[in-house]
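A short write-up of the structure that comes next.
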2 protein chains.
Amino acid sequence: MADRHADKAPELDVVISSRVRLARNLDDYPFPFRMSNEQCRMVIERIKDAVFNSNNAMVKNYKFVDLQKLSPIDKQVLVERHLISPDLAEGQRECGAIISEDETISIMINEEDHLRVQCLFSGMQIDNAWQLCSKIGMVLEEKMDFAFNGNNGYLTCCPTNIGTGIRASVMLHLPALVMTGYIRNILEACSKVGVAVRGIYGENSEASGNMFQISNQVTLGQAEEEIIAGITNIASQIIEQEKTLRNEMYKQNAFRFEDRVYRSYGIFINARIMTSEECLKLLSDVRLGVDVGIIKDISVETLNELMILIQPANLQKVMRKPLNAGERDVKRAELIRSRLCKDNQL
Amino acid sequence: MADRHADKAPELDVVISSRVRLARNLDDYPFPFRMSNEQCRMVIERIKDAVFNSNNAMVKNYKFVDLQKLSPIDKQVLVERHLISPDLAEGQRECGAIISEDETISIMINEEDHLRVQCLFSGMQIDNAWQLCSKIGMVLEEKMDFAFNGNNGYLTCCPTNIGTGIRASVMLHLPALVMTGYIRNILEACSKVGVAVRGIYGENSEASGNMFQISNQVTLGQAEEEIIAGITNIASQIIEQEKTLRNEMYKQNAFRFEDRVYRSYGIFINARIMTSEECLKLLSDVRLGVDVGIIKDISVETLNELMILIQPANLQKVMRKPLNAGERDVKRAELIRSRLCKDNQL
């Protein structure tokens, strides 16, 4: 069965994760930004009821997270784990999230839309993510009426989401495309075919650590399957190019390739102070080394886990205490060593 | 007994080596630059005879090296090991060297002067080096007449060596003085008191890897013991300042200090391509880490050995084949890994 942390997720050497999210709104409430607190609470209850009182086996092992009751750091933990959006964490209104235990599924309530259903899988599993997301959408639709218009499809707060309400995205690790400069061609090509390219943390975030998130820009006028197929197609081409370039670079000058990987590895496991920005940069080289088989004693799963744990809020959660930026840089380096040493002992 | 590679040489955490050399000329030959080939050969034979037919126990385990018969790479090996000067290696005339098995003693024949006797010890052993050098000088003087003038002392080709003919030098590793910028004050102070400061390979060489060689500039008008005492005194003050600064820097920000050391260590033992310039830079940080006790599984002796083996000619000697610059950078990284892994297994 599809699992976020599946050992054998496809294309794990280039694709970090695949994500599909559905935007839906109840037809008997205004969009969130126009709702009263009372209405917000009622929407939250309606959706909780629909999820927790469903008889569908799929919906077990969820927990409801009341954003009003979370500390800023706990909210940020969820943002860094890609379980809620920065907007939801800012909490301009009463809102919440329903999150599955394995973190594959997250249902945001009263973000820009009443409902944002997200399914997140590791590797290239955009189809699995879509299947699960669609199924959850249908289960919920059995319990409530969504705002829908025969001409346009599902109605959403922002016009860019009207229609299917789908956003399908794939997080790609593209070091070879960046090193060779070919990433520029990719970015151009994507914008021409209506595919958005963003950094790790969505809109306005930079492409740290050679990570690029590609997603569909338009949700109107295409069937869900067409959107999924479109993103899958683009992603496959990029993955192919990235892999070809990696092989070419490695063949062309193995020592230089290994030198880059091992230097970053050496710093990564030895540094005593490390910013998250540098950490993502080094992680990219180390991941590349693991992907092409130069580094054998570290798993991709460990690197994926580290990529989240080194973020400020998660780091403080792991260390069980508040840390200022300087302290985090020290503890981040400590965490990396402890995780990779554990990994080495396996 | 004093030994070049003594385990417990004094001040080994700041002083790499101590060296004393004596310049002497036979009184019945012109200075080398004015000698015929025939005269050069005769001087070589005279000095060989004096050394090898000496009854003094001190002079056993020497070998004579005929510079004319050495390949350029073998000459460079000796230069890098500080056993002969670059000038002797260039070989503008017939010349040679008599070198003790432990490489503590090297007697150059027909360099700028007929005789250059050098004693090289690890750590702060300038007194031991002087004692041994002086003893060899006396043994030789029993067998031949040196050019000597009652007013000036020993006569030498270059006026700066006239008098005692002594140059006493100490090779210091001064990372903390460099990092803090205080090295400028040291350099100024040295020039004021007639102490020369040079890089690893003598005159005109840069201070790579935070290595500085200090030596007396004047040999005339001072007794040998005064010269030795003067250099010892200056060196002691510099050593003291370096140690104080190291402690202060470490106390002030232990994480930053360790971070610097460990990053260099990480690159040092992981890189696959390394120039000798970068190698000396990293060696400096690693040595500092060993000196202050951060890095425990590497010995200073191993680092001293590496500092020589990573030089171009010695590297080719170790690898037993000619290597171009690019190949050397790869083999240098390989050598470091193999040496430090061996060290780690101890």
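The values are calculated or read from the model by the stated rules, or taken from the named source; none is laboratory data. This structure is a prediction, so every number in the text was calculated from the model and none was measured. Here the Cβ positions follow ideal geometry from the backbone for every residue, glycine too, while neighbour counts run over all protein chains shown. Side chains included, ligands, DNA and RNA excluded: accessible areas come from the protein's heavy atoms. Shrake-Rupley method; radii C 1.70, N 1.55, O 1.52, S 1.80 Å.
Observations on the structure shown:
- The condition of being in the same structural domain as B:Gln118 (by TED's automatic domain parsing) and modelled with pLDDT under 95 holds for only one of B:Leu12, B:Leu26, that being B:Leu12.
- Taking the numbered list (1) loosely packed, with under 14 Cβ neighbours inside 10 Å; (2) under 25 Å from A:Met35 (Cβ atoms) in turn, A:Ala147 passes all entries but (1).
- For A:Ile273, the conditions (1) closer than 28 Å to A:Ile126 by Cβ; (2) modelled with pLDDT of 95 or more; (3) of a type in the set (Val, Ile, Thr); (4) assigned to a loop (DSSP other than H, G, I, E, B) all hold with the exception of (1).
- Among the criteria (1) loosely packed, with under 15 Cβ neighbours inside 10 Å; (2) within 14 Å of chain A (Cβ to nearest Cβ), the one B:Asn247 does not fulfil is (2).
- Qualifying residue in the stretch B:272-280 (condition: under 30 Å from A:Gly326 (Cβ atoms) and open to solvent by less than 30 Å² (accessible area, probe 1.4 Å)): no
- Within the stretch B:106-124, considering residues that are open to solvent by less than 10 Å² (accessible area, probe 1.4 Å) and more than 12 Å from the chain's Cα centre (by Cα), the one farthest from B:Gly137 (Cα to Cα): B:Asn110
- Residue among A:Ile231, A:Ile227, A:Ile239, A:Ile267 that is part of a helix (DSSP H, G or I) and within 30 Å of A:Arg328 (Cα to Cα): A:Ile267
- Whichever residue in the stretch A:190-203 is charged (D, E, K, R) and surrounded by fewer than 16 Cβ atoms within 10 Å (Cβ to Cβ) and, among such residues, is farthest from the chain's Cα centre (by Cα): A:Lys192
- Hey, B:Glu327 at pLDDT below 95, open to solvent by 50 Å² or more (accessible area, probe 1.4 Å) and over 11 Å from B:Ser276 (Cβ atoms) or not: no
- Residues that are within 11 Å of the chain's Cα centre (by Cα) and either open to solvent by 50 Å² or more (accessible area, probe 1.4 Å) or among the β-branched types (Val, Ile, Thr) (or both) within the stretch B:64-85 comprise B:Val79, B:Arg81, B:Ile84, listed in sequence order.
- Residues in the stretch B:250-262 that are over 30 Å from A:Phe255 (Cα atoms) and either buried (at least 18 other Cβ atoms within 10 Å of the Cβ) or within 9 Å of chain A (Cβ to nearest Cβ) (or both): 5 in all.
- Residue within the stretch A:311-324 that is away from every other protein chain (no Cβ under 12 Å), in contact with a Ser or Thr (Cβ under 7 Å, 6 or more places away or on another chain), surrounded by 16 or more Cβ atoms within 10 Å (Cβ to Cβ) and not in a helix (DSSP H, G or I) present: yes
- Among residues of the stretch B:263-287, those that are within 19 Å of B:Val14 (Cα to Cα) and either in contact with a Cys (Cβ under 6 Å, 6 or more places away or on another chain) or within 14 Å of chain A (Cβ to nearest Cβ) (or both), counted: 7
- Residue in the stretch A:179-186 that is open to solvent by 30 Å² or more (accessible area, probe 1.4 Å), away from chain B (no Cβ under 14 Å) and of a type in the set (Phe, Trp, Tyr) present: yes
- Filtering B:Val178, B:Val170 for residues that are within 15 Å of the chain's Cα centre (by Cα) and of a type in the set (A, V, I, L, M) leaves a single hit, B:Val170.
- The conditions of being at pLDDT 90 or above and of a type in the set (Gly, Ala, Ser) are not met by A:Gly199.
- Residues within the stretch B:89-99 that are open to solvent by less than 10 Å² (accessible area, probe 1.4 Å) and more than 15 Å from the chain's Cα centre (by Cα), tallied: 4
Matching residues to (1) away from every other protein chain (no Cβ under 14 Å); (2) surrounded by 17 or more Cβ atoms within 10 Å (Cβ to Cβ); (3) in contact with a Cys (Cβ under 9 Å, 6 or more places away or on another chain):
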site	(1), (2), (3)
B:Met171	yes, yes, no
B:Glu188	yes, no, no
B:Asn210	yes, yes, no
B:Ile214	yes, yes, yes
B:Gly221	yes, no, no
B:Ile227	yes, yes, no
B:Ile234	yes, yes, yes
B:Glu242	yes, yes, no
